[in-house]
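Structure record follows, encoded as structure tokens.
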Amino acid sequence: MRYIRLFILILIPLIIMACNRGKNNPGYDYLGSHDMYYTKFYKAYAPNPILKDSMTNQLPVEGTVARGKMPFPYQGSTLPERAVNQSKASKEWMNPVTVSDEVIAAGKWHYQMFCSTCHGVAGKGDGYLYTSKLFLAKPTSLVESYVQGKPDGEIYYVITYGSISGLMGPHGSQILPADRWNIIYYVRELAKK
Amino acid sequence: MIIKGFVSRNPWKLQGFFVIFLFLSSLLFSLPSFSQTAETETNFAICKACHTIGGGKLVGPDLKGVTEKYDEAWLVKFIQNSQALIDAGDPAAIKVWEENSKIPMPPNPQLNEEQVKDIILYIKNDGKIAASEIAAGEDETKTPDEVQVEETDAHKLLAEMKQEDARHMKTTFIVMIILIFISLFDLIVTKIVKWRWIHTIIILISLTIGGEVIFVEATSLGRQQYYQPDQPIWFSHKVHSGQNQIECEYCHFTADKSMHAGIPPVQVCLNCHNQVKEGKITGTEEIAKIHDSYNNGKPIEWVKVHNLPDHVYFNHAQHVNIGQLECEECHGMVEEMDQVIQVEDLSMRWCIDCHRITEVQFASNRFYDHYKQLHALIEKGEKSSVKVVDIGGEDCQKCHY
């Protein structure tokens with residue numbers, strides 16, 4: 001009888017300590033939050049109990065201009081407004097980047113990362129998403145006169161805020177301004193081939 | 001036999017087929033002779049961004065009834081190049097243009113006259129014939145994907161086994177403890193088995209395996225290898241990165257600029273999903289969650305998979321941009337995962353091991369010009385390549401500060 005009691009006394013703590021982990025269980029850590037393992041600051045993307053909308057990542061205050069960034073003053077909320085702004089940008093917004101081999105190379109990298117899935121590696125509007133019928137609308141060919149005839153400012157506008165038709169979404173959050181100009185130079189280069 | 005099996009397994013399919021057949025034949029009698037193809041649906045997708053058929057005004061006017069309002073030849077001209085008609089001073093065209101806030105309809109020079117007529121027919125029928133044809137076509141294209149799923153290789157199986165083992169440590173441990181106690185009990189109290197070497201062997205084996213489990217569990221304290229949490233949306237990297245061949249950095253676009261690889265904002269999802277509203281696996285249910293989040297401004301609460309303790313500093317930009325590492329070198333074959341799992345243990349040894357063998361792009365990066373001693377060594381021929389260790393990849397304060 002004494003042995004059985006001893007058996008149970010030792011086994012129970014061992015069962016509790018051993019860990020059968022489900023896939024949702026990240027496991028255990030030594031001392032955890034008491035150590036320097038998990039400190040108390042709020043991580044990017046984590047919820048935040050102090051701020052009003054309970055997010056740690058906050059949008060910049062409206063009208064903020066980041067250091068070294070040029071504000072792009074053509075945003076429009078409604079469609080007619082955007083159509084007007086697009087034609088305005090095409091006339092007023094000039095390309096500040098001068099073309100060089102480095103610019104073309106950077107443009108190529110960004111083009112293949114962000115544009116080629118729809119517009120195709122050669123820019124003919126035959127990207128994989130369209131040819132495999134996953135995205136039904138035909139992307140515009142970038143090497144034909146319709147796009148090539150547009151000024152840089154208008155292409156920049158479409159990359160930033162998307163097309164008026166809504167088929168191309170805004171890519172302004174994904175691509176930095178300088179990289180948008182690089183992409184435009186690369187697209188011009190593609191048309192020459 | 002075959003027909004019987006077919007009917008009992010899926011009776012609706014056959015009925016549906018008859019319905020479509022009847023529908024098609026009834027339409028064929030009422031329409032002009034040239035046939036309509038699935039291509040029309042594809043061509044109309046461009047129009048669908050601004051127009052609906054009977055669904056109200058979007059950017060452009062509702063197209064229902066437009067075929068009765070204008071004659072066909074005028075519509076063909078307008079669809080191919082509306083701006084040319086307006087410039088030519090066509091009164092009907094100018095009226096339409098002015099009614100719609102003077103937003104020009106983009107020209108469609110890629111469509112020939114036959115294709116435009118197809119589209120007009122499609123509008124007349126409220127977009128129905130081509131819709132059924134495209135649905136049939138999609139079923140056929142599914143098969144190669146299914147074949148791909150069935151393909152498994154030994155390497156993958158081994159990894160899966162390892163992962164299963166890691167999740168059942170507790171059971172193994174308890175079985176070993178019970179074995180030890182049973183043999184001890186028999187050895188001292190009941191004495192059923194007379195050969196004592198059997199007890200000894202069982203105890204020794206159990207102690208070894210139990211010890212191994214304790215060792216593995218103790219070293220994995222604070223690590224999360226094989227952590228695979230359920231996410232709020234059934235999002236599959238296998239579909240997006242594997243099947244659709246979208247680059248990792250299309251969505252995780254800060255990986256080469258920031259410490260964090262970045263979780264894409266919902267806006268990025270909408271770049272495709274404002275058109276693609278139905279998935280092949282989950283239907284509309286999961287994609288609706290994205291639209292819900294976008295419309296209500298409520299962030300999606302993704303569960304972070306790869307966690308490092310706070311006393312370690314890790315920077316994605318350094319590794320992706322300067323180190324030129326591929327994503328899968330640390331994250332495993334994400335493009336084959338429906339649900340992301342942490343394949344590496346992210347231990348310090350794992351970091352250091354890689355730093356010891358990885359070569360630095362020494363010549364091409366101007367930053368490394370400052371390492372004059374190393375450059376001298378290379379010129380003398382005493383060093384053939386520079387590893388991360390040589391530029392401080394083993395220093396404590398490089399990652400812990």
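The values are calculated or read from the model by the stated rules, or taken from the named source; none is laboratory data. Not measured: the values here are computed from a predicted model. Cβ: placed from backbone, ideal geometry, glycine included. Neighbour counts: every protein chain shown.
Consider region A:31-55 and keep the residues that are farther than 15 Å from B:Asn307 by Cα and modelled with pLDDT under 80. The one that is surrounded by the fewest Cβ atoms within 10 Å (Cβ to Cβ) is A:His34. Scanning region A:77-113 for residues that are free of Cβ contacts under 8 Å to residues at least 60 places away in the same chain, under 28 Å from A:Glu62 (Cα atoms) and surrounded by fewer than 16 Cβ atoms within 10 Å (Cβ to Cβ) yields A:Ser77, A:Thr78, A:Pro80, A:Glu81, A:Met94. The single condition among (1) within 13 Å of chain A (Cβ to nearest Cβ); (2) surrounded by 17 or more Cβ atoms within 10 Å (Cβ to Cβ); (3) at pLDDT 90 or above that B:Tyr226 does not satisfy is (3). Taking the criterion of being more than 7 Å from chain B (Cβ to nearest Cβ), within 28 Å of the chain's Cα centre (by Cα) and hydroxyl-bearing (Ser, Thr, Tyr), the only residue of region A:29-52 that qualifies is A:Tyr42.
Annotation note: of B:Ile246, B:Ile290, B:Ile300, the sole residue that is within 28 Å of B:Gly323 (Cα to Cα), surrounded by 17 or more Cβ atoms within 10 Å (Cβ to Cβ) and touching a helix residue (DSSP H, G or I) at 6+ places or on another chain (Cβ under 8 Å) is B:Ile246. Taking region A:113-148 as the range and being within 21 Å of A:Ile184 (Cβ to Cβ) and in a helix (DSSP H, G or I) as the test, the residues that pass are A:Met113, A:Phe114, A:Ser116, A:Thr117, A:Cys118, A:His119, A:Ser145, A:Tyr146, A:Val147, A:Gln148. One residue alone among A:Ile155, A:Ile175, A:Ile159 is farther than 18 Å from B:Val276 by Cα and in a loop (DSSP other than H, G, I, E, B), and that residue is A:Ile175. The one condition from (1) within 14 Å of chain A (Cβ to nearest Cβ); (2) surrounded by 11 or more Cβ atoms within 10 Å (Cβ to Cβ); (3) touching a residue at least 24 places away in the same chain (Cβ under 8 Å) that B:Tyr401 does not meet is (2). Hey, can you tell me all the residues within region B:369-394 that are more than 25 Å from B:Trp350 (Cβ to Cβ), of a type outside the set (A, V, I, L, M) and surrounded by 11 or more Cβ atoms within 10 Å (Cβ to Cβ)? Residues satisfying the conditions are B:Tyr371, B:His375, B:Lys383. Under 26 Å from the mean Cα position of the chain (by Cα), in contact (Cβ under 8 Å) with a residue 24 or more places away in the chain and closer than 22 Å to B:Gln224 by Cα: does that describe B:Gln324? So B:Gln324 does not fit the description; no.
The residues listed here are B:Gln224, B:Gln228; of these, the one that is part of a loop (DSSP other than H, G, I, E, B), among the polar types (S, T, N, Q) and under 17 Å from the mean Cα position of the chain (by Cα) is B:Gln228. Can you spot a residue in region A:113-123 that is touching a His at 6+ places or on another chain (Cβ under 9 Å) and aromatic (Phe, Trp, Tyr)? Looking for residues that are touching a His at 6+ places or on another chain (Cβ under 9 Å) and aromatic (Phe, Trp, Tyr), one finds at least one in region A:113-123, hence yes. One residue stands out among those in region B:307-322 that are surrounded by 15 or more Cβ atoms within 10 Å (Cβ to Cβ) and of a type outside the set (A, V, I, L, M): the one that is nearest to B:Val388 (Cα to Cα), which is B:His319.
Can B:Ile357 be described as closer than 26 Å to B:Lys156 by Cα, within 32 Å of the chain's Cα centre (by Cα) and surrounded by 14 or more Cβ atoms within 10 Å (Cβ to Cβ)? No; evaluated as a whole, the condition is false for this residue. For region B:331-353, does any single residue satisfy the condition of being basic (Lys, Arg) and more than 30 Å from A:Phe41 (Cα to Cα)? No, region B:331-353 contains no residue that is basic (Lys, Arg) and more than 30 Å from A:Phe41 (Cα to Cα).
Restricting to region A:66-98, count the residues that are hydrophobic (A, V, I, L, M, F, W, C) and not in a helix (DSSP H, G or I).
Number of matching residues: 6.
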